[in-house]
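Participant: This structure is in structure tokens; I'll ask about it shortly.
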Amino acid sequence: MLNAKRLRKFFLLIFVIITQGLSCSENEENEGQVDSSEPMLEFSSEELFTKPHADGNSFSCNICHARKEPSDDGMSRPGHDLENAYNRSNFKNGQLNTLLEAVNSCRKEWMNAPAFTPDQAAWLSLETFLKDLAVGKGSEIISYQIVSAPNDLTGGDATEGMNRSFHKVAPY
Ligand code: HEC
């Protein structure tokens, strides 16, 4: 016999089935479409490395980091290459423990973009790119020293500098 308690359970179950069913069919409809709330999803994994991010300034990762050094295009970049950064055990002179934290520090400080969240689709896609790069050298921790800009710029070769600068990588 159906008492009130059972009846309530029954309706709750029907409600769950209907709402779950609806959300599933919604997902199916959206498959293959770009989520307008995250415009970077129209980028491939690689483009998240080579193109400016939609929520940041005009810098892209590859302006400052080559895939490997020496780089195929012969450019000198301000950051280290990321060939096997995926497998490093810490980052940014030991201050950060995860790859996501390191990438986020570049997003915030250099690209004027908000931090990626760990489950954000654009991050997971960029992480796949960095994981695919991680086949060669470079998994050891890097340490570096930040020096102040030189006051005396004599002795340089402006033309050669322009040739090897990131203007060649991202001409905008
Ligand atoms: C304007 C320049 C700039 C941009 C743009 C930039 N970075 Fe960086 N990044 C640096 C510098 C400088 C460092 C300091 C250490 C170094 O040389 O790698 C760094 C450090 C890192 C590190 C940590 C390296 C280590 O082991 O300590 C990772 C990982 C990284 N960047 C990934 C990225 C990714 C991925 C992007 C794009 C989403 C990006 N960066 C964008 C300049 C930049």
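A short reminder: the numbers here are calculations on the coordinates, not readings from a lab. Remember, it's a predicted structure, so these values are computed and weren't measured experimentally. As a convention, Cβ positions derive from the backbone with ideal geometry for all residues, glycine included, and neighbour counts pool all protein chains shown.
Participant: Tell me the helices (runs of 4 or more DSSP H) entirely within the range 40-116 that contain at least 2 residues that are under 12 Å from the mean Cα position of the chain (by Cα) and not polar (S, T, N, Q).
Facilitator: Working: elements: 45-50, 61-64, 99-109.
The qualifying helices (runs of 4 or more DSSP H) are 45-50, 99-109.
Participant: Another question about this same structure. Need pairs with beta-carbon distance below 7 Å; first residue on the phi > 0 side of the Ramachandran plot and within the range 47-74, second more than 10 Å from the ligand (Cβ to nearest atom) and assigned to a helix (DSSP H, G or I); sequence gap 6+ or separate chains.
Facilitator: Here the result reads 74/164, each pair linking the range 47-74 to a residue that is more than 10 Å from the ligand (Cβ to nearest atom) and assigned to a helix (DSSP H, G or I).
Participant: Here's a follow-up. How do the pairs read when you match residues in the range 96-115 that are under 19 Å from residue 143 (Cβ atoms) with residues anywhere that are in a loop (DSSP other than H, G, I, E, B) and near the ligand (Cβ under 9 Å from one of its atoms), using Cβ under 7 Å and keeping only pairs 6 or more apart or on different chains?
Facilitator: Filtered contacts from the range 96-115: 96/90; 97/90; 102/92; 103/116; 105/92.
Participant: Tell me yes or no: at least one residue of the range 140-160 is touching an Asp or Glu at 6+ places or on another chain (Cβ under 8 Å), surrounded by 13 or more Cβ atoms within 10 Å (Cβ to Cβ) and among the β-branched types (Val, Ile, Thr). Can you show your working first?
Facilitator: Going residue by residue through the range 140-160, those that are touching an Asp or Glu at 6+ places or on another chain (Cβ under 8 Å) are none.
No: the range 140-160 contains no residue that is touching an Asp or Glu at 6+ places or on another chain (Cβ under 8 Å), surrounded by 13 or more Cβ atoms within 10 Å (Cβ to Cβ) and among the β-branched types (Val, Ile, Thr).
Participant: Shifting gears a bit: Return a yes/no flag: does the range 59-66 have any residue that is more than 9 Å from the ligand (Cβ to nearest atom) and surrounded by 15 or more Cβ atoms within 10 Å (Cβ to Cβ).
Facilitator: Pass one, the range 59-66, residues more than 9 Å from the ligand (Cβ to nearest atom): 66.
With the extra rule that they be surrounded by 15 or more Cβ atoms within 10 Å (Cβ to Cβ), the set shrinks to 66.
The answer is yes; a qualifying residue exists.
Participant: Look through the range 88-113, keep the residues that are more than 7 Å from the ligand (Cβ to nearest atom) and of a type outside the set (S, T, N, Q), and return whichever of them is nearest to residue 54 (Cα to Cα).
Facilitator: Selected residue: 113.
Participant: Here's another thing I want to ask about it. Only one of (1) among the hydrophobic types (A, V, I, L, M, F, W, C); (2) closer than 18 Å to residue 45 by Cα; (3) exposed (fewer than 15 other Cβ atoms within 10 Å of the Cβ) is not met by residue 111, so which one is it?
Facilitator: (3)
Participant: Given the criterion in contact (Cβ under 8 Å) with a residue 24 or more places away in the chain and surrounded by 11 or more Cβ atoms within 10 Å (Cβ to Cβ), identify the matching residue among 131, 137.
Facilitator: Working: 137 fails: surrounded by 11 or more Cβ atoms within 10 Å (Cβ to Cβ).
Being in contact (Cβ under 8 Å) with a residue 24 or more places away in the chain and surrounded by 11 or more Cβ atoms within 10 Å (Cβ to Cβ) holds for just one of 131, 137, which is 131.
Participant: Quick check: is even one residue across the range 152-171 under 26 Å from residue 44 (Cβ atoms), of a type outside the set (A, V, I, L, M) and in contact with a Cys (Cβ under 6 Å, 6 or more places away or on another chain)?
Facilitator: Checked the range 152-171: no residue is under 26 Å from residue 44 (Cβ atoms), of a type outside the set (A, V, I, L, M) and in contact with a Cys (Cβ under 6 Å, 6 or more places away or on another chain).
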